1. Given H placed 1.01 Å from N in the peptide plane, which residues other than close sequence neighbours of A:SER322 have an amide H under 5 Å from its amide H?
2. What are the GluC sites (Glu not before Pro) within the range A:1-67 that DSSP puts in a loop, where the Cβ has at most 13 other Cβ atoms within 10 Å?
3. Distances from A:ASP27 to the same residue in each other copy, label points 7 Å out along Cα→Cβ, in nm, shortest first?
4. Nearest 5 percent is fine: what portion of the DSSP beta bridges confined to the range B:56-232 is antiparallel?
5. Fewest to most neighbouring Cβ within 10 Å: what's the order for B:CYS245, B:CYS33?
6. Please report Rg (one decimal) and Dmax (integer) in Å for the Cα set of the range A:263-311.
7. What 222 nm value per residue comes from the helices of chain B, counting each DSSP H run with n ≥ 4 as -39,500 (n - 2.57) and dividing by all residues, nearest 500 deg cm²/dmol?
8. Using a Cα-Cα cut-off of under 23 Å, which lysines could be cross-linked to B:LYS451, ignoring same-chain neighbours fewer than 8 residues away?
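Every number here is computed from the coordinates shown, using simple stated rules; none is lab data. Fair warning: this is a prediction, and the values are worked out from it, not measured in the lab. Note that each Cβ is placed from the backbone with ideal geometry, even for glycine, and that neighbours are counted across all protein chains shown.
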There are 2 protein chains.
Amino acid sequence: MDTKLKIRFDYNNMMARSIGKEEGFKDKELISCYPLALKAFEEVQKNRGKGMTAWMELPYNQGEIVEDILLTAQQIRAKFNYFVVLGIGGSALGPMAAGQALTHLRYNELRRSKRKGPKFYVEDNIDPERMKALLDVIDVKKAMFNVITKSGATSETMAQLLIIYDLLKKELGDEAKEHIIATTDREKGNLIKIAKREGFKAYYIPDGVGGRFSELCPVGLLPAAVLGIDIKQMLQGAADMDELCRRQEVDKNPALMAALLSYLCMKKGKNISVMMPYADSLKYIADWYCQLWGESLGKSVDNEVNVGQTPVKALGVTDQHSQIQLYTEGPYDKVVTFITVGKYRARVPIARGFEDIPDVSFLGGYTLNELIQAERVATEYALSKAGRLNNTILLPKVNAYTIGQLMYFFEMQTAYCGAMLNINAYNQPGVEEGKKATYALLGRKGYEDKKRELDARPSKKRKYII
Amino acid sequence: MDTKLKIRFDYNNMMARSIGKEEGFKDKELISCYPLALKAFEEVQKNRGKGMTAWMELPYNQGEIVEDILLTAQQIRAKFNYFVVLGIGGSALGPMAAGQALTHLRYNELRRSKRKGPKFYVEDNIDPERMKALLDVIDVKKAMFNVITKSGATSETMAQLLIIYDLLKKELGDEAKEHIIATTDREKGNLIKIAKREGFKAYYIPDGVGGRFSELCPVGLLPAAVLGIDIKQMLQGAADMDELCRRQEVDKNPALMAALLSYLCMKKGKNISVMMPYADSLKYIADWYCQLWGESLGKSVDNEVNVGQTPVKALGVTDQHSQIQLYTEGPYDKVVTFITVGKYRARVPIARGFEDIPDVSFLGGYTLNELIQAERVATEYALSKAGRLNNTILLPKVNAYTIGQLMYFFEMQTAYCGAMLNINAYNQPGVEEGKKATYALLGRKGYEDKKRELDARPSKKRKYII
């Protein structure tokens, strides 16, 4: 492990010592729960790599795949002007998170010579205005589309594929297939069938890797590589974080401690988890986290207990002007996780000026770097002073290695917390009803009963409407 | 009122009749609270336009200003390649929301001839990487900067001004001042002093219009006009919504009914308000709402009661794959507000194909428009079936007129709800501590005691860190 680049989990402000005994944890209380944490630890580690935890082995078992991806990415970077991910949920959030974190913040606006690769789009919605807007600004003849869905049954993604493939065939005839790469299951599902028949290049999502745990498999690695991101370093970061997360001592294991604190917070009714990076580059990491945390832990247990924190994304310092009033004075129902950056990749001095106006001139001579750090510390301080639970993840720098660590950390935290809650963190039974209803509304065969149910719903007779 | 373009508030799925008596409201229960709602109504309407509710009159009292803005905007559109808002909080969220809703979804990527105006940026953070990224892609010599802060004491915005003005002076000398427009208080504060002395054009934020209620004053109107948005129609929409929100019957007054329902939900412990538009164009309306709702209602009352729902932004259908699992099966702690669009501004057919794979081919022949609507209805149905409180705001179309209605609706809902909660919806005392701490950390004169307090905080001795 590169210790200078090790990310750290700081939970001082979860403790009574920092934020007061009303809300904070006492040492004794925490230590008394270590057995519970260790039980979860053993359960997760005992089963690692099995069933739906195959994602835990991704840092180690992709040597060949990585070489293939790097070669393909190199070709795409040379040949295409646009790289478009067609995917939704985990198939979109990971690629967006890594792309935002590890490329220029206005990557698409840079000249080609600075970008050195294609423009990058992730189309994770089916809003017709959005599809039209994309087609207004790209030339499909110069675009590579990466269709990502494990089952090939994701309606949104497959609808996009139908639209795009039709367009490509009209423009390019037989060459159309050279513009699509499928990332999907190796054997099961529709997309692999289509890919084989049409001759799309395909990458495989390993068995036991669900959408929200898929960033470190080809789902995330190919888009990242196309953006010139060092995917080996991402995987190395994940591997090194894994080492920390395999430690058997709770207070030496960052993901296990973070999971335990989350678990205890949920038990105390803190049902909101705010993820607040102080860096625009980490904005979509917060989005990615929101899916991971929300879908994995938001579960009904035996149709009786309903668990799960609602994840909320915020951005420092921006949302200090939008949410901190609420976090400081509103209900004691949340935990804030700050993500802080030790050293930003740019340094911007604030020019001196307006010396007769002290409210303004005191800023001159500092850098934006100093200002953003001061505001972060001040916000942490103010929340803590108000007795509000908060913790901090520190990234010494934002790079492929630390992002690999960070994502793996959150995944392990989620796995451990799921085990503590005694739930299946890897399914999403709650979305089935909506899927079936969509099929019914679109008149799909076999969903006639559901359609009748929908037609009979009370709110169909809209009464309460102004 | 253009009734065909009237937005509607549908609360069928807040009622027991739709979602079951466990969670839903019964008619009787709701009606028994009408007196409470009417009391809030009277309080708000009695004071309308006074004190911090001057925003209520914005639809009516800006005739001259609007003409001036339109003229200025026309000149900016002709002369500049970039229009950059420097602002944070309400000074940024309104302009972003209107811009995203009412221009092409990839406006900045269109050719100039299609855009017909400058590229548009809203810089609402002080991340040094973000400032550098902006300066990498714009040419300040061809840029107009709109600095927005009422007091001129907003550190983030004033730091940006110092940086940009210094740069402009280096590049353009005396002409620099022609590249800055200040939007600020007419008399008080630092920015008006600076504007007068340096010779910046200035627009005024009227007394009694706070940041989060400022979109319909020059804060929002100038950026919107520069983007070619019909600001008169926005104001007309607000005026027409105001008419509905002045109705004395609770069940005829959309904002009053929405406020009452929110209030009752809070009383029942529903402490999360999810805002979920089914349109990429409305994505930043959700962000804007989050500030409005969070900062206005997240309050401590007499240091004893802590109120306020945490607003959460979600995007349909995208976040069906990220959050709906949690919303369906997690704790009964939230209310979901869908925003739906009757008619999108584009129509995208889904091509037929893969006829031998029914999982995919059933989509062919539909449009994305039909698919997104079916998914929205299905999601509403699935949530309702699971007994989850939800309501819907319907926009017949997204245009300046309906967006004006929508924003004014949310503002009035917030005002009424604040009155029901008996709180001041217009202050933000909770952020003062953080501001003072920032000043202390930056060594500003007069904050020496605060600095000592910061140095003595327990978490300075970081102990709990992994």
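1. none
2. On the way: sites: A:GLU22, A:GLU23, A:GLU29, A:GLU42, A:GLU43, A:GLU57, A:GLU64, A:GLU67; in loops: A:GLU22, A:GLU23.
Sparse-neighbourhood loop GluC sites (Glu not before Pro): A:GLU22.
3. Distances to the matching label points in the other copies: 6.3 nm.
4. On the way: 0 of 18 bridges.
If we restrict to bridges inside the range B:56-232, about 0 percent are antiparallel.
5. Going from least to most buried by this count: B:CYS33, B:CYS245.
6. Spelled out, the Cα radius of gyration and Dmax of the range A:263-311 are 12.5, 40 Å.
7. Value at 222 nm, helices only: -14000 deg cm²/dmol.
8. In chain and number order, the partners are A:LYS385, B:LYS435, B:LYS436, B:LYS460, B:LYS461, B:LYS463.
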